[in-house]
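Everything below concerns the one structure shown next.
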């Protein structure tokens, strides 16, 4: 099953968290696809941080605690818990990005929020982002990957929220026509 098919399994959770935090579901789904490939048991040790990323949205225990989570680290593997915490954090990052300057466009705010989701909160503010020699965020590939997945889930980054029926329809079409929807580069 490709990522679009896997998205069907979590569509209700993703749409619910996106609605709760006023986020485009396609962006939340894009983060899930980029972070864990829709694997609720995804785990990545973060030795430099003395922590580990867990679950669909790869939430750090320290981030979860900062968001008010009081359960054990293993609880972050629960899809609903993980996606709700991840969506809440993404909303905070987006709001911080929008507030970082009077001329911040929605596109730039999402760039900063996605960069911060991947590389840390400090990348939300202009001038604080870790950048490569060209001036692009060091995690530009991650940002592009989330945007590609979001576009696959919604048609474009700015589209209206993606309902679960659209996710099901995409997955069914992919299965009917025998197309493998994920790519080796994602």
Single condition residue 11 does not satisfy, out of (1) in a helix (DSSP H, G or I); (2) surrounded by fewer than 19 Cβ atoms within 10 Å (Cβ to Cβ); (3) more than 13 Å from the chain's Cα centre (by Cα) = (2)
Only one of 96, 64, 74, 80 that is in a helix (DSSP H, G or I), surrounded by fewer than 20 Cβ atoms within 10 Å (Cβ to Cβ) and within 16 Å of the chain's Cα centre (by Cα) = 80
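Rundown of residues vs (1) touching a residue at least 60 places away in the same chain (Cβ under 8 Å); (2) closer than 23 Å to residue 143 by Cβ; (3) part of a strand (DSSP E or B); (4) over 15 Å from the mean Cα position of the chain (by Cα), yes/no style:
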residue	(1), (2), (3), (4)
23	yes, yes, no, no
31	yes, yes, no, no
38	no, yes, no, no
41	no, no, no, yes
57	no, yes, no, no
Please determine, by comparing only the residues of the stretch 83-136 that are modelled with pLDDT under 70 and in contact with a strand residue (DSSP E or B) (Cβ under 8 Å, 6 or more places away or on another chain), which one is farthest from residue 57 (Cα to Cα).
-> 131
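The values are calculated or read from the model by the stated rules, or taken from the named source; none is laboratory data. Worth saying up front: this structure is predicted, and the values here are computed from it rather than measured. As a convention, Cβ positions derive from the backbone with ideal geometry for all residues, glycine included, and neighbour counts pool all protein chains shown.
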